[in-house]
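The values are calculated or read from the model by the stated rules, or taken from the named source; none is laboratory data. Just so it is clear, the model here is predicted, and its values are computed rather than measured. Glycine gets a Cβ as well: all are built from the backbone with ideal geometry, and neighbour counts include every protein chain shown.
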Amino acid sequence: MRKIVLFILLLVITGLTNAQTSFQTIVPVLPVVAGESFRVQYVLKGEATVENFTTPDFRPFQMVTGPDIYNGESQGVIYPEPSKNYVFTLVAPKPGKYKVPGALVKYDGRQVRSNEVAVDVVPKEVASKIFGQDLSSDYILRPGENVQEKIRKNLFVKVSVNKKTCYTGEPVMATFKLYSRLESRSDIVKNPGFYGFTIYDMVNLQDKMVATENINGRIFDVHTIRQVQLYPLQAGTFSIDAMQVKNKVEFSKSAVSKRTEQEISEGLMGIADNDEPAEGTEVFETTISTEPVSIVVKPLPERNKPPGFTGATGKFTIAATLAKNELAKNEEGFLEVTITGKGNFIQLEAPSIQWPAGVEGFEPVLKDELDKTSLPLTGTRTFRYPFVCAAAGTYELPPIAFSFFNTDSNTFSTVVTKGIKAVISNTEKKSTAPSEGKTSINEASENAARTAGIIVAILVLSILVYWGVKKKETPKVISEVITPALPSIQSLLAPSVAANAEGSPAFFREIHQAIWNFLQQRFGLTGSEMNKQVVLTRMNTAGINSSISTRLMSILEQSEAGIFTNAVIDEDREVLLNTTLEVLENIDQAVQ
């Protein structure tokens, strides 16, 4: 009996081991239509490391595209297991029975070939009887057909969200897809506005994510245009407005065998506008858009909210370390506080540090290591705090608390680091100043006050000089209407430049204010008009390229995210300033 049990266990273990990695050829179960395209998939399941994939010789099939490679997961014996999918689009030349060859792949140091599969290819007339519908290509425009109706049924965009109700700081994933059965060139002329959210891009147009979906028995090519994580900044009802896509759709006037293809771009429509349609074809233009989606954001509960809570949602742990535990007097040390887990990382504020007497701390620099494919974001955010001690001794850095709202359990939690000791020796560090660019909080405030005083003094002096000169001028017989000159972009951004030089946390607030001051003056905005939707409308009316509008909205979102965190992102500030200057100059030139 024991031998039988052992034998069965051996068989199960062998089966599980063999199931770890498999390589399979998959073709359509139903017959393939002669002259029409179909897809062949080579699926490699398991944890194998792929070193080389060899494309098979598909003759007599004609290969249209491939390989398109997708990573995913499939159901294993016990748990889901990773998989890699190599997809080819082929065209069958004529009716008959054919064999699709297996592919050769090398993984984990060994070569394996997938199975060979037979495919039945039937004429269109036979296929129509089998499937009960007309399988003629939608690329053909038949006499009397309604063009716009045909486009509406075969070309559209959709937005889907994983939830329509969430808490403040809890992510919502929005996915924008284009569905097509036509020969089309599409251009994204308006990206949606995500007002009230901080956004994190997961998939963009450049990622070229293409798949197929069966909708009511009809196969569509599906392009994922954009996929984002949206982190709400506050409670309320917020709208994801429409994405608009302009299209040029080509139809043939005669029966042809052609695999329809789609080309999608952003802000590039018009490059080939002068191209004449091919003989026997017609091109039609249309604009499609997604429906607006409303998201209800609930406020976090007030009950049991920890005193130090700053808006973190998810599930986190916290740890603190010193780069060096022993330092010389006035030597710059670094306290690194790392938050690990899942949640609204891009909104996390720097934890408050209670520096002991004798230790002077400075604003932290942050570093993120995040997995953009996970929802919510997973990974780490590290805050690196510089500090110095002027006197020798042993300093106890107290535990650091971090509170968050756990959306899995709908409860608040607080995690705490251990206390850390920093030993300062009697050795004197020659350089007494912190590293270049670091400014203490008190020094930053003093510098900001001095800078503001100087600016005010210059303005007062300028006004006095102006009026002194004005009084001496001889009155003119003919009065002139003088239109006051708009402040230059450089002057509007001057406070942001000063805040950046001082390492001040006010940098993002200053750059955000400068942008809105610029938009108010250039577009004459007042009161309720001071919102992004009105700005986008005015920019569109002014003929400003949509790519500039998209960049402007991105800058506003970055600055809004920066306002909600106390961390200093040194490596991004200079880039953000330069980008803002470039975008505002482009807008200024367009509205002059």
In segment 202-241, how many are over 19 Å from residue 66 (Cβ atoms), in contact with a strand residue (DSSP E or B) (Cβ under 9 Å, 6 or more places away or on another chain) and not in a strand (DSSP E or B)? 6
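Residue-by-condition table, conditions (1) β-branched (Val, Ile, Thr); (2) touching an Asp or Glu at 6+ places or on another chain (Cβ under 9 Å); (3) at pLDDT below 80:
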site	(1), (2), (3)
510	no, no, no
516	no, no, no
519	no, no, no
526	yes, no, yes
534	yes, no, yes
541	yes, no, yes
548	yes, no, no
555	yes, no, no
564	no, yes, yes
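Yes or no, residue by residue, for (1) assigned to a strand (DSSP E or B); (2) outside the structural domain of residue 202 (by TED's automatic domain parsing); (3) closer than 30 Å to residue 175 by Cβ:
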{"site": "320", "(1), (2), (3)": "yes, yes, no"}
{"site": "353", "(1), (2), (3)": "no, yes, no"}
{"site": "369", "(1), (2), (3)": "yes, yes, yes"}
{"site": "391", "(1), (2), (3)": "no, yes, no"}
{"site": "396", "(1), (2), (3)": "yes, yes, no"}
Checking residue 142 against (1) at pLDDT below 90; (2) surrounded by fewer than 14 Cβ atoms within 10 Å (Cβ to Cβ); (3) under 30 Å from residue 67 (Cβ atoms), which test does it fail? (3)
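Being hydrophobic (A, V, I, L, M, F, W, C), free of Cβ contacts under 8 Å to residues at least 40 places away in the same chain and in the same structural domain as residue 422 (by TED's automatic domain parsing) is the requirement here; does residue 345 meet it?
Here the answer is yes, as residue 345 does meet what is asked.
Can you find a residue that is out of contact with any helix residue (DSSP H, G or I) (no Cβ under 6 Å at 6 or more places or on another chain), of a type in the set (Phe, Trp, Tyr) and at pLDDT 90 or above anywhere in segment 278-285?
So far as segment 278-285 goes, no, none of its residues is out of contact with any helix residue (DSSP H, G or I) (no Cβ under 6 Å at 6 or more places or on another chain), of a type in the set (Phe, Trp, Tyr) and at pLDDT 90 or above.
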Which residues, counting only those in segment 398-422, are part of a strand (DSSP E or B) and exposed (fewer than 13 other Cβ atoms within 10 Å of the Cβ)? 411, 421
Take the residues in segment 195-222 that are at pLDDT 85 or above and among the aromatic types (Phe, Trp, Tyr); name whichever of them is farthest from residue 562 (Cα to Cα). 220
Is it true that residue 403 is of a type outside the set (A, V, I, L, M, F, W, C) and under 28 Å from the mean Cα position of the chain (by Cα)? yes
Would you pick out the residues in segment 495-506 that are out of contact with any strand residue (DSSP E or B) (no Cβ under 8 Å at 6 or more places or on another chain) and in contact (Cβ under 8 Å) with a residue 12 or more places away in the chain? 495, 496, 497, 498, 499, 500, 502, 504, 506
Might you let me know whether segment 297-309 holds any residue that is in a strand (DSSP E or B) and touching a residue at least 12 places away in the same chain (Cβ under 8 Å)? yes
May I ask you to verify whether residue 327 is assigned to a strand (DSSP E or B), over 31 Å from the mean Cα position of the chain (by Cα) and farther than 28 Å from residue 201 by Cα? yes
For segment 371-388, enumerate the residues that are surrounded by 18 or more Cβ atoms within 10 Å (Cβ to Cβ), touching a helix residue (DSSP H, G or I) at 6+ places or on another chain (Cβ under 8 Å) and not in a loop (DSSP other than H, G, I, E, B). 381
Just one listed residue, out of 225, 264, 295, is within 15 Å of residue 177 (Cβ to Cβ), crowded, with 16+ Cβ neighbours inside 10 Å and modelled with pLDDT of 90 or more, and it is 225
For segment 348-369, which positions are of a type in the set (Gly, Ala, Ser) and without any contact (Cβ under 8 Å) to a residue 40 or more places away in the chain? 357, 358
Go through the residues of segment 318-336 one by one and say whether even a single one is closer than 30 Å to residue 245 by Cβ, surrounded by fewer than 18 Cβ atoms within 10 Å (Cβ to Cβ), at pLDDT below 90 and among the basic types (Lys, Arg). no
Please find, among 100, 87, 91, the residue that is surrounded by 12 or more Cβ atoms within 10 Å (Cβ to Cβ) and modelled with pLDDT of 90 or more. 100
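Residue-wise test of (1) touching a residue at least 24 places away in the same chain (Cβ under 8 Å); (2) charged (D, E, K, R); (3) more than 30 Å from residue 278 (Cα to Cα); (4) surrounded by 19 or more Cβ atoms within 10 Å (Cβ to Cβ).
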| site | (1), (2), (3), (4) |
| --- | --- |
| 160 | no, no, yes, no |
| 186 | yes, no, no, yes |
| 191 | yes, no, yes, yes |
| 200 | yes, no, yes, yes |
| 211 | yes, no, no, no |
| 253 | yes, yes, no, no |
Within 30 Å of residue 207 (Cβ to Cβ), surrounded by 15 or more Cβ atoms within 10 Å (Cβ to Cβ), hydrophobic (A, V, I, L, M, F, W, C) and modelled with pLDDT under 90 - does that describe any residue in segment 68-83? no
Can you work out which of the residues in segment 485-508 that are assigned to a loop (DSSP other than H, G, I, E, B) and among the polar types (S, T, N, Q) is modelled with the highest pLDDT? 488
Please determine whether any residue of segment 493-505 is within 28 Å of the chain's Cα centre (by Cα) and closer than 16 Å to residue 193 by Cα. no
